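Inspection log for the structure reproduced underneath, given as structure tokens.
The values are calculated or read from the model by the stated rules, or taken from the named source; none is laboratory data. Predicted model, so just to flag it, every value in this text is computed and none were measured. Because the Cβ atoms are built from the backbone with ideal geometry, glycine has one as well, and the counts that use them run over all protein chains shown. Only protein heavy atoms, including side chains, enter the accessible area calculation; ligands, DNA and RNA are left aside. Shrake-Rupley method; radii C 1.70, N 1.55, O 1.52, S 1.80 Å.
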Amino acid sequence: MPPLLLKLIESPVASFLFLVTIATSLAAFQNQWLKEKFILRPYAFAHRKQYFTIITSGLIHADWGHLIGNMLTFWFFAFNLEQYVVYLQCLQLDTIPDPTTQQLNQFLGHFKFLMVYLISMIIADFSTILKYKDIPGFSTLGASGAISGVLMSMVILTPAMGTQMMIFGFIPGWVFAILYLTYSYIAAQRMEDNIGHEAHLWGALAGIAFTFILLPHQSWQFVEMLQKTFYGWMH
């Protein structure tokens with residue numbers, strides 16, 4: 001089986017999110033009504049009960065650059081994260097499971113990945129809603145908050161796989177995580193561009209928090225890895 005097809009099959013949730021996000025984004029590029037229907041307007045969410053936009057806004061993007069940037073990050077991390085979570089979920093079994101138990105754990109793994117993605121998206125959007133709920137003209141869109149959560153979750157879990165995640169081939173994942181969170185916080189305070197840095201920050205924090213909640217044993221291996229790293233530096 002071709003590696004690309006195998007990747008899609010082994011990560012059904014990521015595949016669905018990836019393809020749907022691309023399809024809806026392309027449709028919104030051509031259809032202003034659809035874009036207006038899906039976009040998140042904090043004022044409309046809070047005062048007109050347009051609650052569905054907290055999800056639909058993550059399925060559309062502002063332009064080609066926005067879409068390509070997010071989908072490239074999604075491609076490199078989300079598919080691997082889903083496979084990792086399924087593997088780690090099945091690894092918790094102490095004995096050789098029967099087929100039903102194995103299928104249940106695989107389902108739970110896929111479900112946990114979905115929860116990290118959706119909860120990161122929702123919390124990222126809520127941070128924006130709380131800040132701009134009384135400003136009628138403000139709007140936001142894109143999957144950046146959810147993808148930030150996926151990226152941070154991947155950083156947290158890789159020590160459980162016996163590896164350390166490297167960003168750009170040479171930056172340790174935990175160093176990147178610190179730099180990313182710090183930059184997002186500072187940029188959110190400065191508000192010098194139209195990028196949703198605050199959503200990135202809260203999406204990333206949600207990804208970290210819910211990875212610890214959903215896979216606590218594996219997540220604490222990340223903490224142990226940091227302790228060993230800092231101990232090595234000091235000695």
> Which percent of the accessible heavy-atom area of the chain goes to carbon and sulfur, probe 1.4 angstrom?
Replying inline: 67
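So what's the back-of-envelope 222 nm ellipticity for the chain, counting only DSSP H runs of four-plus at -39500 (n - 2.57) apiece and dividing by all residues, rounded to 500?
Result for the chain: -24500 deg cm²/dmol, rounded to the nearest 500.
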> Pairs Lys35/Lys133; Lys35/Lys112; Lys7/Lys112; Lys49/Lys112: which are spaced more than 24 Å apart, C-alpha to C-alpha?
Replying inline: Lys35/Lys112; Lys49/Lys112
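What fraction, in whole percent, of alpha-carbon pairs in the range 90-159 exceed 17 Å separation?
Here the long-distance tail beyond 17 Å is 59 percent of all Cα pairs in the range 90-159.
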>> How large is the direction-averaged shadow of the alpha-carbon convex hull of the range 1-96, in nm²?
In response: 8.9
> If the chain between Leu26 and Thr182 were fully stretched, how many nm would it gain, using 0.36 nm times the residue separation less the Cα-Cα distance?
Replying inline: 52.9 nm
> Under the definition of Cα pairs under 8 Å and six or more residues apart, what whole-number percent is the relative contact order of the chain?
Replying inline: 22
> What per residue convex hull volume, in Å³, do the alpha-carbon atoms of the range 1-55 yield?
Replying inline: 79
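Calculate, for the range 43-134, the solvent-accessible area per residue in square angstrom, rolling a 1.4 angstrom probe over the heavy atoms of the protein chains.
Averaged over the residues of the range 43-134, the accessible area is 52 Å².
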> Remind me, relative contact order of the range 1-97 in percent, using alpha carbon pairs under 8 angstrom and six or more residues apart?
Replying inline: 34
> With each label point set 7 Å from Cα along the Cα-Cβ vector, what nm distance links Leu6 and Trp33?
Replying inline: 4.6
> What nm distance separates the two modelled labels at Phe230 and Phe170, each placed 7 Å from Cα along Cα→Cβ?
Replying inline: 2.6
